[in-house]
Structure formats: structure tokens, C-alpha cells
């Protein structure tokens, strides 16, 4: 069993697929223009003609960064698909997977916070009269959902390490990896919210706020919930693999695995509903800091 070979092969395949996807979709200007118009309508903000192209380019840049995340995370899942029926694979691979997913997710979020950025269209600048904080970007229900995600990730990871009887060194390494991911996320999110405004008029300032809030919200949800969902799926597959050799209570039989894997779909639906209610928070912050005055 050549885990390194499987992973490198999956990484190359994911990189090629990402390049192809970025090339095909990135060149579709009509698609990004349409997405910019829909974002303006959902967010109740004007989109004058001169800004439409800039917003479209910003959304396209976010898509490119998102493809980077898929290219880094999917090879881990792909490796599991081809080796997931072997208990020995999970004993060797799961700790590396658990230690790798949170930092990778945080790094992708960090890159997404650095690029793309909204830039003012002219030399004249308008700015906020106050400062923006991470807390302003989320409703209480969203904060609860995010904390729940981190807790679920820690619980799923702990169960997996206990299941394979991982040594104490792996427990420490995985805990450190999760802590590093949280620190990286906070640094990236705070940097987005506190960076100087880049706008030449009130409408541009509104878009600056809208897009930075959107970046922070999407990045935070990604970092909080991607690891627990992936680790939960890995837990289910690992339990199913062990069931074939030594069935025991608590293991997941293969014929029930599909039902257990429906839970991430349900979670994604619930998160979509919860986070929909907070997508206008940027406007309240905009008014409170003097942007809409």
C-alpha cells in the first residue's frame, strides 16, 4: 500500500482539475457579471456600471482561491476512497489526516483574506469614522453554529484517535494543529476587518464593507465546519472498514454507511439557513461607523 503515491497522484489530478476549472469558468465574463448583479440584489446595494466589472473580477478572484482549497483538501479524501476498506490504512493515515485538515483549511482562509482585495477606483479616499470588528460580522445564532462546528470537529477527531488507539504524541500534535488553525483564522479575520477602507465614494465604501464581511463570514464558516465534516466522514468510513474484520458495537456496517453520510448534507442545509439571516450585517455596521451617513 503506497499511501504517498496515492496522495501525490490525487494531488496532481486535483491541481489539473482546478486549473481546467479556473480556465473555463474564469474566462466566462457573463457568468461573473451575472453573479455580481445577483449579489447586489440580495444585498440591497447599488451596482453602477463602472463598478460591475470590478465586482465581477473580485468574485472571480475568490473563486480562484476556493479552487486552491479544493486542490489541497480533496486529495486527502480521494486517498481515503481508494484505501478506505483497509483497517491498517486508517491506523496509519487518520492521525495525519486529522493533523492536516484544520491547518490546511486555515491557510486557504488566510490566502482568501489576503487576495483578492477591493481597491478604490480613484485617488480620492473615503473611510470609516469607526472601526470594524469580527463580532460585527455574525449574528448570535451564527456564533453558536461556529462554536458548535469547532466542538464537533474536536469531538470527531478525539473519537477517531481513541478508536485507533493513537499514541499520546498524536493527541498533542492534533491539538496543536487545531490551535494553530484557530490562531491563523483569527489573524486573517482580524486583518480583513481592520484593514484601511479602500473607496472613492459612499457606494464603493459600501461594497468594501459588503465584500470584507462576506470574506470573513465565508472564511470563518469554512474553517469552522470543513474539518468536522471531513473528519466525521473519515470516522464513518474507518468504522465501516473495521466492521468487516472485527464487528463490534458502535461500528458502522457498510450497508448503513450511506445513511450516516447524509448527516453532512443536513448540516450544510441548516448552516445555509442560519447564515442567510446575517448577510445584511454589513449594512448595519456601515451605518454605525459612519459609512452610510
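FYI, it's all coordinate maths here, none of it is from the lab. Only a predicted model underlies this, so the values are computations on that prediction, with no experimental measurement involved. Cβ sites come from the backbone with ideal geometry, for glycine too, and all protein chains shown count toward neighbours.
Per-residue Cβ neighbour counts within 10 Å put 58, 94, 260 in the sequence 260, 58, 94, beginning with the fewest. The angle between the Cα long axis of helix 140-163 and the longest principal axis of the Cα atoms of the chain comes to about 20 degrees, rounded to the nearest 10.
In terms of packing, defined here as the mean over residues of other Cβ atoms within 10 angstrom, the peptides 45-52, 150-157 line up highest first as 150-157, 45-52.
Using alpha carbon centroids, what distance separates the stretch 1-42 and the stretch 179-238, in Å? First find each Cα centre; the distance between them is then 19 Å. Helix 87-114 and the longest principal axis of the C-alpha atoms of the chain enclose an angle of approximately 10°. Does the stretch 27-109 come out rounded, prolate or oblate by the C-alpha gyration tensor, with a ≥ b ≥ c the root eigenvalues, rounded set by a/c under 1.5 and, if not, prolate when a/b is larger than b/c and oblate if not? Since a/c reaches 1.5 and a/b is larger than b/c, the shape of the stretch 27-109 is classed as prolate. Length gained on full extension, residue 41 to residue 135, computed as 0.36 nm times the residue gap minus the Cα-Cα distance: 31.4 nm.
For residue 261 and residue 19, what is the calculated FRET efficiency with R₀ set at 22 Å and r taken between the beta-carbons, to the nearest 0.05? That pair, residue 261 with residue 19, gives E of 0.15. Considering only 71, 41, 17, the mean-square fluctuation computed in a Gaussian network model of the chain, springs between alpha carbons under 10 angstrom, is largest for 41. What's the angle, to the nearest 10 degrees (0 to 90), between helix 3-26's Cα axis and the longest principal axis of the chain? On a 0 to 90 degree scale, this one is about 30. Considering only alpha-carbon pairs that sit under 8 angstrom and 6 or more positions apart, the relative contact order computed for the stretch 3-288 is 25 percent. For 98, 8, 132, the sequence from fewest to most other C-beta atoms within 10 Å is 8, 132, 98. A Förster radius of 35 Å, combined with the Cβ-Cβ distance separating residue 8 from residue 186, puts the computed FRET efficiency at roughly 0.65. Per the Cauchy relation, a quarter of the hull surface: what is the mean projected area of the convex hull of the alpha carbons in the stretch 56-175, in nm²? Mean orientational projected area (the stretch 56-175, Cα hull): 10.8 nm². Just 272, 177, 158 to compare: in a GNM of the chain, with alpha carbon springs under 10 Å, which one fluctuates most? Ranking 272, 177, 158 by mean-square fluctuation puts 272 first. Expressed as a whole percent, the proportion of Cα-Cα pairs in the chain lying more than 37 Å apart is 22%. Whole-percent P(r), the stretch 113-250, all Cα pairs, 5 Å bins from 0: 2, 9, 15, 16, 13, 11, 9, 8, 6, 4, 3, 2, 1, 0, 0. Helical runs (DSSP H, four residues minimum) scored at -39500 (n - 2.57) apiece and divided by the length of the chain put the mean residue ellipticity at 222 nm at -27000 deg cm²/dmol. A simple spin-label model places pseudo-atoms 7 Å from Cα toward Cβ; at residue 57 and residue 144 they are separated by 4.3 nm.
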